[in-house]
1. How much length is gained if the chain between Met214 and Ile144 is pulled fully straight, taking 0.36 nm per residue apart and subtracting their Cα-Cα distance, in nm to one decimal?
2. How large is the convex hull of the Cα atoms of the chain per residue, expressed in Å³ as a whole number?
3. In deg cm²/dmol and to the nearest 500, what is the mean residue ellipticity at 222 nm of the chain if only DSSP H runs of at least 4 residues count, each as -39500 (n - 2.57), divided by the residue total?
4. Through the Karplus equation 6.51 cos²θ - 1.76 cosθ + 1.60, θ set to phi - 60°, convert the phi angles of the stretch 192-202 into ³J(HN,Hα) values in whole Hz; use x for Gly and Pro.
5. Using the structure shown, select from Lys53/Lys128; Lys100/Lys128; Lys48/Lys128; Lys2/Lys100; Lys34/Lys195 the pairs with a Cα to Cα distance greater than 22 angstrom.
6. Report ³J(HN,Hα) in whole Hz for each residue of the stretch 117-128, in order, from the Karplus equation J = 6.51 cos²θ - 1.76 cosθ + 1.60 where θ = phi - 60°; Gly and Pro get x.
7. Of the accessible area of the chain, with the probe set at 1.4 angstrom, what percent is carbon plus sulfur?
8. Using only Cα atoms, what Kirkwood radius does the stretch 98-211 have, in angstroms?
Amino acid sequence: MKFFIDTANLDEIRAANELGVLDGVTTNPSLVAKIVEDPERFTYEDFKEHIAKICTILDGPVSAEVTTLTADEMVSQGEELASIAGNVVVKCPLTLEGLKAVRTLSSKGIRTNATLVFSPTQAILAAKAGASFVSPFVGRLDDISTEGMALIEQIVSIYGNYRFSTEVLVASVRHPQHVVEAAMMGADVATLPFKVIEQLARHPLTDNGLDRFMQDAAVFK
Ligand code: E4P
């Protein structure tokens, strides 16, 4: 199972990468907006430079999302984003226009991530269009009282039936239990906020046990 970090914050990306368990990064316009210090002066060139900085931190896939709505515009923006670095994956929304863009970008050898996926039918379309990754948003489904992880189970099962090569990237992850369930279902990737990566490592019995070991180790001095 691969772990991506779901952030545009360079410090968080560096810190997660130093743990040695990071395989990639996902960003979206909202995550990028969070790191902008002066919105009046942040340009599209700044956005591309920021993606370039992320790509220097690690070699794994870095998803950068298009901010256009028609297929032609998404393809042109996607080509521009893909030219930033070889590990950029172009994120396109799962709309009819987005599907067309995914198909075109994929046929040009550009990796894509179909995002804002909330149903198995959208996931089937993403795979048929040649997306490298599909991003079902589990937390946002939970938010509207629909079980997000049930969608992951459906997609993993459907993709297995047809041996689709599109990787299932569990997105909108809110807590470690999402990660456990995703792993048990065989999802390829989970993209995690930094806080969730930290939570994966924590256990109170580990802390208590370590306290005891450190106290007892004092005898050796
Ligand atoms: C990542 O690819 C998604 O854009 C992200 O996980 C969405 O998370 P959110 O629902 O917490 O905004």
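The values are calculated or read from the model by the stated rules, or taken from the named source; none is laboratory data. These numbers come from a predicted model, not from an experiment. Because the Cβ atoms are built from the backbone with ideal geometry, glycine has one as well, and the counts that use them run over all protein chains shown. To get the accessible areas, we keep the full protein, side chains included, count just its heavy atoms, and leave off ligands, DNA and RNA. Shrake-Rupley method; radii C 1.70, N 1.55, O 1.52, S 1.80 Å.
1. Computed gain between Met214 and Ile144 is 20.6 nm.
2. Hull volume normalised by residue count: 152 Å³.
3. Result for the chain, helices only: -15500 deg cm²/dmol.
4. Per residue, the Karplus-derived 3J(HN,Hα) values read 10, x, 3, 4, 5, 4, 4, 4, 4, 8, 8 Hz.
5. Working: Lys53/Lys128 32 Å; Lys100/Lys128 11 Å; Lys48/Lys128 29 Å; Lys2/Lys100 27 Å; Lys34/Lys195 15 Å.
In this structure, Lys53/Lys128; Lys48/Lys128; Lys2/Lys100 exceed 22 Å between Cα atoms.
6. In residue order, the calculated couplings are 9, 10, 8, x, 5, 4, 5, 5, 4, 4, 5, 5 Hz.
7. Carbon and sulfur atoms account for 53 percent of the accessible area of the chain.
8. 14.9
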